[in-house]
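As structure tokens, the structure follows; a few thoughts come after it.
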Amino acid sequence: MVVLKLLPHRKRNGWSLYMTFLAETWEKTFGARESARLLETFGAGDFSELRPSPKLERVVSKAIEGESVTREDALYLTELFPKEVPFLLLAASAIRNRSRGKTVTYSKNVFVPLTQLCRDRCGYCTFKIEPGEGTLLMTPEDVVDMAEKGAKAGCTELLFVTGDKPELAYQVYRDALGEIGYQTTAEYLIDMGKTGLEHGIFPHTNLGLSTPEELSEFRKSNPSMGLMLENISERLLKRGNAHHGCADKVPKLRMETMEHAGDLSIPWTSGILVGIGETFEERIDSLYALLELSRRYGHLQEIIIQNFNPKEGIKMEEYPPADFLEMLKTVAISRLVFGGDMNIQIPPNLNNRNFTFYLTAGINDLGGVSPLTIDYVNPEAPWPQVERMETEVSALGYELRERLPVYPEYIDERWIDPYVLGKVRERVDERGYVPVN
Ligand code: SF4
């Protein structure tokens, strides 16, 4: 192996063995040629000489022993030199392995974009359309069709995604909603969630800002819901920044929605965006805002670390993609901040080439994959992306398990409406995962 030639075989101490594992993982992820070049990022060639500085050793040792990482320590970790990053990865992996073992999860979903109209205009958005650029909204019949097809294809999650409150911006959308008997997107989603559940698939709704009354209704059909914090910084709302002109991206309001969800004991998925013009300090502050929320309510079931990728036609098309090393650091620091009990996810479709490498940074979830939407034109090829995930994850010594949109540790009366819970329990094994056929 090309990469292994870079390692100090003469001294096969624990550290060398770990670096060997990292090198092998890197090679499996990126291929032999590119891996040699990329491994140099970590200072390949003199691994036997690598030792953590006393401060780094103190910070990661404390985290491995289960102590909280302070904000100051987390900020220090953001400034590690590339060749120090493997120590951070090692700590993050050790913390994940101790609490989560070698199980990595994912869910099978059907993506339902109920409406792509939105009153906001995020600089990175590829989802929003204007009236006339596509359908105003999916009809109830469309939703039933997707739910039935999803359930038939073995999906367990009906992932509702919409723009934010388009009814406040577009008369034509208000009219379309009115024609099917609704005044708000939330009212429509609440009914469609119930419809999905009755068709054998669990709704997981990402509505945006919501009132306690709306959330309480969603809870009657959704075993879990989600709202990305994205970032806690008000600065990103200012002119020239990613969230300028976005009434629903005010961090305080997003935190309030998640507090309502906490009051109602709704298992909740949140997370941050990486590379949208935020500083590393703002990123760390966002993680600590979510940590505080999690400590208060216990309802954060999952933290997504989502990387920005520029696309043609968006306001931020000239922005660089989130830097890989920064992503690695952010994921690993998140594991140290939240500890072993939190589920930490990176979206594999946004990290298509290197998602398995993030296992070395402490993730334990690969999010939702959508066999129906991605492979709709090749029904004879059963879910290749799941098969690929299984192959790559098991090659690194981990077990891939399918979960529902709600994580196993939240499957009980405290967190899920009794009617929904009954249906959830019918679909999981004794560990809370989807049974293996
Ligand atoms: S909230 Fe932002 S990212 Fe979401 S649909 Fe609207 S403009 Fe796009």
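The values are calculated or read from the model by the stated rules, or taken from the named source; none is laboratory data. Please read all numbers here as calculations on a predicted model, not as lab measurements. Neighbour counts run over all protein chains shown; Cβ positions are idealised from the backbone, glycine included. The area values use the complete protein model at the heavy-atom level, side chains included, leaving out ligands, DNA and RNA. Shrake-Rupley method; radii C 1.70, N 1.55, O 1.52, S 1.80 Å.
Output the number of residues of the range 66-114 satisfying the condition of being under 30 Å from K152 (Cβ atoms) and not hydroxyl-bearing (S, T, Y).
Residues flagged as under 30 Å from K152 (Cβ atoms) and not hydroxyl-bearing (S, T, Y) within the range 66-114 amount to 8.
Would you pick out the residues in the range 396-437 that are in a loop (DSSP other than H, G, I, E, B), farther than 29 Å from F357 by Cα and open to solvent by less than 20 Å² (accessible area, probe 1.4 Å)?
Matches in the range 396-437: W415, I416.
May I ask you to verify whether V161 is at pLDDT below 95, farther than 23 Å from T330 by Cβ and crowded, with 20+ Cβ neighbours inside 10 Å?
no
Looking only at the range 164-191, count how many residues are part of a helix (DSSP H, G or I) and surrounded by fewer than 19 Cβ atoms within 10 Å (Cβ to Cβ). Spell out the reasoning first.
Going through the range 164-191, the residues part of a helix (DSSP H, G or I) turn out to be 166-168, 171-179, 185-191.
Add one more test, that the residue is surrounded by fewer than 19 Cβ atoms within 10 Å (Cβ to Cβ), and what stays is 168, 171-172, 174-175, 178-179, 187, 191.
Matching residues across the range 164-191 total 9.
What residue, among those in the range 347-364 that are polar (S, T, N, Q) and within 16 Å of E24 (Cβ to Cβ), is surrounded by the fewest Cβ atoms within 10 Å (Cβ to Cβ)?
N354
Considering (1) open to solvent by less than 50 Å² (accessible area, probe 1.4 Å); (2) farther than 30 Å from E187 by Cβ, say which one S107 fails and leave the rest.
(2)
Just give me the residues in the range 283-320 being open to solvent by 30 Å² or more (accessible area, probe 1.4 Å) and within 17 Å of the chain's Cα centre (by Cα), in sequence order.
Once the filter is applied, which keeps residues that are open to solvent by 30 Å² or more (accessible area, probe 1.4 Å) and within 17 Å of the chain's Cα centre (by Cα), the range 283-320 yields Y288, Q306, N309.
Going residue by residue through the range 211-223, is there one that turns out to be part of a loop (DSSP other than H, G, I, E, B) and within 16 Å of the ligand (Cβ to nearest atom)? So that I can check it myself, show each step before the final result.
Within the range 211-223, the first condition is being part of a loop (DSSP other than H, G, I, E, B), and the residues that meet it are 211, 219-223.
Now restrict to residues that are within 16 Å of the ligand (Cβ to nearest atom): none.
The answer is no, given that none of the residues of the range 211-223 is part of a loop (DSSP other than H, G, I, E, B) and within 16 Å of the ligand (Cβ to nearest atom).
Just checking, does the range 328-335 include any residue being among the charged types (D, E, K, R) and either closer than 23 Å to G101 by Cα or surrounded by 23 or more Cβ atoms within 10 Å (Cβ to Cβ) (or both)?
Yes, because at least one residue in the range 328-335 is among the charged types (D, E, K, R) and either closer than 23 Å to G101 by Cα or surrounded by 23 or more Cβ atoms within 10 Å (Cβ to Cβ) (or both).
Answer yes if at least one residue in the range 176-183 is away from the ligand (no atom under 14 Å from the Cβ) and in contact with a Phe, Trp or Tyr (Cβ under 6 Å, 6 or more places away or on another chain), and no otherwise.
yes
What are the residues in the range 56-74 that are in contact with a helix residue (DSSP H, G or I) (Cβ under 7 Å, 6 or more places away or on another chain) and not in a loop (DSSP other than H, G, I, E, B), if any?
L56, V59, V60, A63, I64, R71, D73, A74
For the subset of the range 248-271 comprising residues that are in a loop (DSSP other than H, G, I, E, B) and of a type in the set (A, V, I, L, M, F, W, C), which member is nearest to the ligand (Cβ to nearest atom)?
Residue satisfying both the conditions and the ranking: V250.
Can you confirm whether the range 225-247 contains a residue that is open to solvent by 10 Å² or more (accessible area, probe 1.4 Å), in contact (Cβ under 8 Å) with a residue 60 or more places away in the chain and more than 16 Å from the ligand (Cβ to nearest atom)?
Among the residues of the range 225-247, not one is open to solvent by 10 Å² or more (accessible area, probe 1.4 Å), in contact (Cβ under 8 Å) with a residue 60 or more places away in the chain and more than 16 Å from the ligand (Cβ to nearest atom), which makes the answer no.
Quick one: how many residues across the range 114-152 are open to solvent by 20 Å² or more (accessible area, probe 1.4 Å) and either more than 16 Å from the ligand (Cβ to nearest atom) or within 18 Å of the chain's Cα centre (by Cα) (or both)?
So the answer is 16.
Please enumerate the residues belonging to the range 403-435 that are of a type in the set (D, E) and touching a residue at least 40 places away in the same chain (Cβ under 8 Å). Don't jump to the end; show me each part of the working.
Just the residues of the range 403-435 that are of a type in the set (D, E), to begin with: 409, 412-413, 417, 426, 429-430.
Result: E409, D417.
Any residue at all in the range 95-103 that's within 30 Å of A63 (Cβ to Cβ) and open to solvent by less than 10 Å² (accessible area, probe 1.4 Å)?
yes
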